[in-house]
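Please read the structure below before turning to the comments.
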Amino acid sequence: MNYAVDSKGFYGIFGGAYIPEMLQYNVEQLRSEYLKIIHEPAFQSEFNYLLKHYVGRPSPLYEAKRLSDKYKARIFLKREDLNHTGAHKINNTIGQILLAERLGKKRIIAETGAGQHGVATATVCALKNLECVVYMGSVDIERQAPNVARMRMLGARVVPATSGSQTLKDATNEAIRDWIQHPEDTHYIIGSVVGPHPYPDMVARFQSVISAEIREQLPEYTGSPDPDTIMACVGGGSNAAGTFYHYLDKEKVRLVAVEAAGEGIHSGRSAATSILGSVGIIHGSKTLLMQTADGQIIEPHSISAGLDYPGIGPLHAHLIRTGRAEVIAITDEEAVKAAFVLTRLEGIIPALESAHALAALDQMQYRPGENIVICLSGRGDKDLATYMKYLDTYESIV
Ligand SMILES: *Cc1c(COP(=O)(O)O)cnc(C)c1O
């Protein structure tokens with residue numbers, strides 16, 4: 001495979017494991033064990049059982065006929081919004097909790113921004129009766145109260161991160177600090193294809209079930225497992241990695257990664273990481289990130305908390321810099337509008353993150369009738385407070 005990680009954890013020039021001495025033990029243990037463990041038949045059968053009967057997979061591949069009419073293309077939605085806990089994130093947390101169990105870990109830590117990954121982690125910890133600590137920026141704790149309540153109801157301890165901007169990047173720093181202090185008994189469940197090797201590859205493998213299913217489901221409609229175009233939103237990049245995974249080496253399938261442009265790419269309030277970013281190191285990985293000339297991280301902004309991250313996974317940095325994937329950046333306003341369009345045309349309320357991928361249909365060229373698969377990464381229940389502000393604006397949008 002041309003786009004697979006190499007033995008040192010690199011995708012081209014991106015990736016690797018740039019970690020402090022104190023983390024060597026944990027990361028090396030994970031690196032030397034992860035492939036062996038996930039290939040064990042007993043692991044595979046428990047993973048597949050839980051994906052089927054607990055998460056509700058396979059998630060449907062739905063032909064969105066009214067959306068297709070609007071765009072004069074044949075559009076299929078991969079319905080990750082129908083998963084237990086409402087997004088793709090549970091695919092990864094199930095995989096990692098089974099891994100943690102087999103490594104003999106008793107305690108789980110995680111970082112979360114909007115709380116979606118925190119909820120998915122607290123869920124699998126309840127399922128497996130493991131102690132769960134979730135780090136969350138204190139600003140995010142304020143603005144995501146329902147997910148904080150969910151995590152606590154599931155038995156997790158939610159610890160506020162009070163440094164810096166008190167958001168996702170600071171929560172990640174706190175989680176890393178915790179891990180350094182508890183190298184023996186703790187597993188850190190990272191929520192996207194970011195962090196030191198082997199996390200990007202491990203998370204991509206757990207999420208790759210998305211494209212494995214698309215390849216089984218699409219022939220029913222088109223006679224071929226290969227669409228013309230595949231699209232997904234990119235925060236850290238885990239739903240996109242899972243959606244692209246089994247198509248990476250099929251060069252005739254076009255890959256479109258959709259980033260958050262916030263209030264405009266060059267507005268100073270944006271999260272268009274691959275466009276604005278330069279090569280640097282964030283959270284243990286060499287990748288593209290938004291930084292000042294002297295290497296200070298620039299605070300990102302997006303209306304969707306799941307895309308509000310100053311970096312991007314090393315796989316995506318590689319796909320974009322080699323030209324294998326195209327990037328489109330979508331503003332807050334464009335995403336909200338696309339969410340209303342989908343809701344009115346198909347009766348599906350998407351997550352704000354997923355709405356970025358839908359909005360990209362307005363910005364790209366394609367042949368009439370082209371087959372396009374879009375990953376609908378999550379449902380919009382968590383975003384209702386935002387959508388409520390636009391009910392009058394978009395009352396007669398279609
Ligand atoms: C967290 C989240 C994202 C962004 O994370 P990725 O790792 O880039 O997939 C996208 N969509 C939803 C619904 C999310 O919850």
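The values are calculated or read from the model by the stated rules, or taken from the named source; none is laboratory data. For clarity, every value in this text was computed on a predicted model and none was experimentally measured. Here the Cβ positions follow ideal geometry from the backbone for every residue, glycine too, while neighbour counts run over all protein chains shown. Surface areas here come from the heavy atoms of the whole protein model, side chains and all, with no ligands, DNA or RNA. Shrake-Rupley method; radii C 1.70, N 1.55, O 1.52, S 1.80 Å.
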For region 166-178, enumerate the residues that are open to solvent by 10 Å² or more (accessible area, probe 1.4 Å) and in contact with a helix residue (DSSP H, G or I) (Cβ under 9 Å, 6 or more places away or on another chain). Q166, T167, L168, I176
Y199: under 17 Å from V373 (Cα atoms) and either out of contact with any Phe, Trp or Tyr (no Cβ under 7 Å at 6 or more places or on another chain) or open to solvent by 30 Å² or more (accessible area, probe 1.4 Å) (or both), yes or no? no
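Please tell me if L345 is outside any strand (DSSP E or B), closer than 22 Å to A73 by Cβ, touching a residue at least 60 places away in the same chain (Cβ under 8 Å) and not basic (K, R).
On the way: outside any strand (DSSP E or B): yes; closer than 22 Å to A73 by Cβ: yes; touching a residue at least 60 places away in the same chain (Cβ under 8 Å): yes; not basic (K, R): yes.
Against the criterion (outside any strand (DSSP E or B), closer than 22 Å to A73 by Cβ, touching a residue at least 60 places away in the same chain (Cβ under 8 Å) and not basic (K, R)), L345 qualifies.
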Against the definition (closer than 17 Å to Y62 by Cα, in contact with a Phe, Trp or Tyr (Cβ under 7 Å, 6 or more places away or on another chain) and open to solvent by less than 40 Å² (accessible area, probe 1.4 Å)), how does V336 come out, yes or no? no
For region 55-104 the number of residues that are assigned to a helix (DSSP H, G or I), free of Cβ contacts under 8 Å to residues at least 40 places away in the same chain and away from the ligand (no atom under 16 Å from the Cβ) is 4
Hey, does region 27-44 have a residue that's crowded, with 18+ Cβ neighbours inside 10 Å and either at pLDDT below 95 or assigned to a strand (DSSP E or B) (or both)? no
Restricting the first residue to region 328-342 and requiring it to be closer than 10 Å to L352 by Cβ, which pairs with a second residue that is open to solvent by 20 Å² or more (accessible area, probe 1.4 Å) and hydrophobic (A, V, I, L, M, F, W, C) meet a Cβ separation below 9 Å and a spacing of at least six or different chains? D332/I303; A335/I303; V336/I303; A339/I349
Given (1) buried (at least 24 other Cβ atoms within 10 Å of the Cβ); (2) part of a helix (DSSP H, G or I), index of the condition V134 fails: (2)
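Which residues, counting only those in region 116-163, are polar (S, T, N, Q) and away from the ligand (no atom under 16 Å from the Cβ)? Step through it out loud before you land on a result.
Our first condition is that a residue be polar (S, T, N, Q); within region 116-163, this holds for 116, 121, 123, 129, 138, 144, 147, 162-163.
Within region 116-163, N129, S138, T162, S163 qualify.
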Selection within region 214-245 - surrounded by fewer than 24 Cβ atoms within 10 Å (Cβ to Cβ) and within 16 Å of the ligand (Cβ to nearest atom): Y245
Only one of (1) within 18 Å of V5 (Cβ to Cβ); (2) touching a residue at least 60 places away in the same chain (Cβ under 8 Å) does not apply to Y247, and that is (2)
Since R254 meets every condition but one in (1) open to solvent by 50 Å² or more (accessible area, probe 1.4 Å); (2) under 24 Å from N83 (Cβ atoms), which condition does it not meet? (2)
Is region 172-183 home to any residue that is of a type in the set (S, T, N, Q) and farther than 26 Å from I298 by Cβ? yes
Could you please find all residues in region 246-278 being under 17 Å from the mean Cα position of the chain (by Cα), assigned to a helix (DSSP H, G or I) and either within 16 Å of the ligand (Cβ to nearest atom) or farther than 22 Å from I75 by Cβ (or both)? T273, S274
